[in-house]
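Note sheet for the following structure.
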Amino acid sequence: MCEAGGADLIHIDVMDGRFVPNLTFGEKVIRTVRAVTKLPLDVHLMVVEPAGYFESFAGAGANGLTFHVEAEPHVQRQLSRIRELGCKAGLALNPATPVVAAADVTNDLDLLLIMTVNPGFGGQKFIPRSVEKVRAARRLLKESSSMAALEVDGGIDRETITSVWKAGADTFVAGNAIFSAKDPRAEINELRTRCSSYA
Ligand code: ZN
């Protein structure tokens, strides 16, 4: 359904019940999703000690691995490890973590993920301050000539997507907005239109 609706990638939220309260899925589900789609699998690790999962998730077919700066003291080392495994290296920032936390690794990144809700639950309300933060993140990437994608995740829907797009985000994770829509395929298109109409 996602593929038919024109999604560019499948974002998979891995939660460990420690970094965030919920438990979702791991290697087996990544492998299963891999078997049914050719779309890139953008795996978001909301887990403590994320490095312990890199190898098995890459082996299961992940194309990108994004971990949280709040969960890992050796950020640069782990970003390099992800690239060595042939995946795109992503770093995620919680709402209370300033953009400057990524300043010294902008050229080690393929993706910078700005959380627009506190991670751990689907269906949460977008935090308005995120728009300013996305703007600061775009500035940071530009200043260092980083080619990293700038992704937003949490509460992205018809109402919120244009503001973060205008602020400089180029990759949008929408869960609830798409899967609760009457016509999920059409919703992907609608979200895309809400950006491109400002292009
Ligand atoms: Zn996510």
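The values are calculated or read from the model by the stated rules, or taken from the named source; none is laboratory data. Bear in mind the structure is a predicted one, so any value in this text is a computation, not a measurement. In this analysis, Cβ positions are derived from the backbone assuming ideal geometry, glycine residues included, and neighbour counts consider all displayed protein chains. Just so you know, the surface numbers come from the protein's heavy atoms only, side chains and all, with ligands and any DNA or RNA stripped out. Shrake-Rupley method; radii C 1.70, N 1.55, O 1.52, S 1.80 Å.
Only residues that are within 16 Å of the ligand (Cβ to nearest atom) and either open to solvent by less than 20 Å² (accessible area, probe 1.4 Å) or polar (S, T, N, Q) (or both) were counted across the stretch 48-70, and they come to 9. When the stretch 166-199 is filtered for residues that are within 13 Å of Ile156 (Cβ to Cβ) and β-branched (Val, Ile, Thr), the ones remaining, listed by number, are Thr171, Val173, Ile178, Ile188.
Restricting attention to the stretch 28-47, which residues are more than 16 Å from the ligand (Cβ to nearest atom) and either within 23 Å of Pro119 (Cα to Cα) or not small (Gly, Ala, Ser) (or both)? I'd like the intermediate steps shown before the answer.
First, the residues of the stretch 28-47 that are more than 16 Å from the ligand (Cβ to nearest atom): 28, 31-32, 34-38.
Result: Lys28, Arg31, Thr32, Arg34, Val36, Thr37, Lys38.
Among the residues of the stretch 1-32, those that are surrounded by fewer than 19 Cβ atoms within 10 Å (Cβ to Cβ) and in a helix (DSSP H, G or I) comprise Glu27, Lys28, Val29, Arg31, Thr32. Here His11 passes the criteria (1) more than 16 Å from the ligand (Cβ to nearest atom); (2) modelled with pLDDT of 95 or more except the one numbered (1).
Would you call Ala137 touching a residue at least 24 places away in the same chain (Cβ under 8 Å) and of a type in the set (Gly, Ala, Ser)? Answer is yes for this residue.
Conditions (1) modelled with pLDDT under 95; (2) away from the ligand (no atom under 16 Å from the Cβ); (3) open to solvent by 30 Å² or more (accessible area, probe 1.4 Å), marked per residue:
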residue	(1), (2), (3)
Leu113	no, no, no
Thr116	no, no, no
Gly122	yes, no, yes
Lys125	yes, no, yes
Ser130	no, no, no
Lys142	no, yes, yes
Met147	no, yes, yes
Leu150	no, no, no
Ile156	no, no, no
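Given (1) within 14 Å of the ligand (Cβ to nearest atom); (2) crowded, with 21+ Cβ neighbours inside 10 Å, where does Asn94 come up short, assuming only one miss? Of everything listed in (1) within 14 Å of the ligand (Cβ to nearest atom); (2) crowded, with 21+ Cβ neighbours inside 10 Å, Asn94 misses just condition (2). Exactly one condition in (1) free of Cβ contacts under 8 Å to residues at least 24 places away in the same chain; (2) touching a helix residue (DSSP H, G or I) at 6+ places or on another chain (Cβ under 8 Å); (3) not in a helix (DSSP H, G or I) is not met by Asp157; state its number. Just one mismatch for Asp157, condition (1).
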